[in-house]
Amino acid sequence: MTPSSPPLAVVTGGNAGIGLALAHRLAALGHRLVLVARDAGRLETAAREIAGRTDVAVDTRACDLSDAAQTRALAAEIAARAPDVLVNNAGFGSYGAFATLPAEAAAGMIATNVTALTVLTAAALPAMRARGAGRILNVASTAAFAPLPLAAVYGASKAYVLSFSLALAEELAGTGVTVTALCPGPTATGFADRAGMARARLFADAPAASAEAVAARGIAAMMAGKGLEVTGLSNRLLVFATRFAPRALAARISHRVMRERLP
């Protein structure tokens, strides 16, 4: 980046939902963007939408982050382009008992939610540390704070994101590089429908936040260098309560709210 060029942000899962809302916020702050997702068509639509509202440059990269080779190629590009901001938002979930989940679905979830996030973070860090400035925003979930029966792999993957982010934030304290874990609760993005979780009581009964509201809190926390941001008062109270519940009890409570809501 030249001294006069705008900062560069890479946003995975930037074509819809929270990722797109985060991209809009970054563009409004003057960041050039690289949007990453699997669906090239939706990426181009998102890029046009952002470009139509701002004058920032928006690049797109169609990439399946569950594919190791594609993730490595993206990591190499990130290392070369040395972004000022990395947003690891891409991820997916699946609803149902683990014993019924196809092994390839579980492996793909871990590859996307855990492995790719780790690999891309490792690619971005050297340049950030060398210049003494950089921001990483990792999108976790309130699911990170307790075991999540009927979405066991998803919950465990988000627990990894939270633990990894907080540990890395501590390692990087004083370097000028910050890491923020964003933990939203149910959000109106279509995630629950795609994951098959919409019929779970957690999503059927709980009010959903807007992607824009979540993104606003996430970007504000990232820019402030906060290590953790849990969005929504009810979610913050829930997270606080998990500190006092034994893990086995927390798992039983989670199981109840994740069960299918009957008519």
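Restricting attention to segment 155-169, does a residue exist that is within 24 Å of Arg259 (Cα to Cα), more than 13 Å from the chain's Cα centre (by Cα) and at pLDDT below 95?
no
Against the definition (at pLDDT 85 or above and farther than 21 Å from Val161 by Cα), how does Glu229 come out, yes or no?
Criteria not met by Glu229.
Yes or no, residue by residue, for (1) surrounded by fewer than 17 Cβ atoms within 10 Å (Cβ to Cβ); (2) in contact with an Asp or Glu (Cβ under 6 Å, 6 or more places away or on another chain):
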| residue | (1), (2) |
| --- | --- |
| Leu8 | no, yes |
| Ala23 | no, no |
| His31 | no, no |
| Asp55 | yes, no |
| Val58 | no, no |
| Asp64 | no, no |
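Anything in segment 76-124 that is hydroxyl-bearing (Ser, Thr, Tyr) and in contact (Cβ under 8 Å) with a residue 12 or more places away in the chain? List them, or say none.
Listed by number, the residues that qualify are Ser94, Tyr95, Thr112, Thr115, Thr118, Thr121.
Check whether at least one residue in segment 106-114 is within 20 Å of Met223 (Cβ to Cβ) and buried (at least 23 other Cβ atoms within 10 Å of the Cβ), and report yes or no.
There is no residue in segment 106-114 that is within 20 Å of Met223 (Cβ to Cβ) and buried (at least 23 other Cβ atoms within 10 Å of the Cβ).
Condition test on Glu44, is it touching a strand residue (DSSP E or B) at 6+ places or on another chain (Cβ under 7 Å) and surrounded by fewer than 20 Cβ atoms within 10 Å (Cβ to Cβ)?
Working: touching a strand residue (DSSP E or B) at 6+ places or on another chain (Cβ under 7 Å): yes; surrounded by fewer than 20 Cβ atoms within 10 Å (Cβ to Cβ): yes.
Yes.
Pick from Thr112, Thr180, Thr118: which is assigned to a strand (DSSP E or B), at pLDDT 95 or above and within 13 Å of the chain's Cα centre (by Cα)?
Step by step, each of Thr112, Thr180, Thr118 is checked, and only Thr180 is assigned to a strand (DSSP E or B), at pLDDT 95 or above and within 13 Å of the chain's Cα centre (by Cα).
Take the residues in segment 212-246 that are touching a strand residue (DSSP E or B) at 6+ places or on another chain (Cβ under 6 Å) and in a helix (DSSP H, G or I), then tell me which one is surrounded by the fewest Cβ atoms within 10 Å (Cβ to Cβ).
Among those that are touching a strand residue (DSSP E or B) at 6+ places or on another chain (Cβ under 6 Å) and in a helix (DSSP H, G or I), it is Arg236.
The values are calculated or read from the model by the stated rules, or taken from the named source; none is laboratory data. Nothing here was measured: the structure is a model prediction, and the numbers come from that model. Virtual Cβ from ideal backbone geometry, glycine too; neighbours counted across all protein chains shown.
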